[in-house]
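Peer 1: Handing you this structure, nothing more for now.
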Amino acid sequence: MDKNSLSQIRKELESCVGKRIQLKANKGRKKTYVKEGIVEKAYPSIFTVSFQNEYNSSRTASYSYTDVLTRTIEVKVMSQDMNNIAL
C-alpha cells in the first residue's frame with residue numbers, strides 16, 4: 001500500500017466531516033448495499049459515519065481508510081446541487 005494514497009484519502013475525508021455522503025459497500029459474494037449518511041469524525045486510522053433509518057433511529061459505523069483504498073467501500077460526497085464527487 002502506498003502511504004501517500006492513504007494520507008490523501010484521510011485528508012479528503014477529514015474535509016468531509018459534517019457533510020452528507022453516499023456509501024456503497026461490498027459485502028462479498030456479489031452483495032452490495034448503498035446508504036446515505038453523515039461523516040461524523042475522522043480519526044488517524046478510521047472514520048465514522050452516522051446513518052438514519054426509516055424509524056428515525058441513528059446508527060454509527062466505522063470504516064478504515066484502507067477500505068476506501070482497496071475499493072471495499074466507495075464514498076461519494078453529496079453536494080448541494082446534486083453533483084456527486086467520488087473518492
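Peer 1: Among the residues of the range 67-83, is there at least one that is buried (at least 16 other Cβ atoms within 10 Å of the Cβ), in contact (Cβ under 8 Å) with a residue 60 or more places away in the chain, assigned to a strand (DSSP E or B) and within 9 Å of the chain's Cα centre (by Cα)?
Peer 2: There is at least one residue in the range 67-83 that is buried (at least 16 other Cβ atoms within 10 Å of the Cβ), in contact (Cβ under 8 Å) with a residue 60 or more places away in the chain, assigned to a strand (DSSP E or B) and within 9 Å of the chain's Cα centre (by Cα).
Peer 1: Does S57 qualify as being modelled with pLDDT of 90 or more and among the small types (G, A, S)?
Peer 2: No: the conditions fail for S57.
Peer 1: Continuing with the same structure: Is it fair to say G18 is within 12 Å of V77 (Cα to Cα) and more than 9 Å from the chain's Cα centre (by Cα)?
Peer 2: yes
The values are calculated or read from the model by the stated rules, or taken from the named source; none is laboratory data. Because the structure is a prediction, the values reported are computed rather than measured. Positions of Cβ are backbone-derived with ideal geometry, glycine not excepted, and every protein chain shown enters the neighbour counts.
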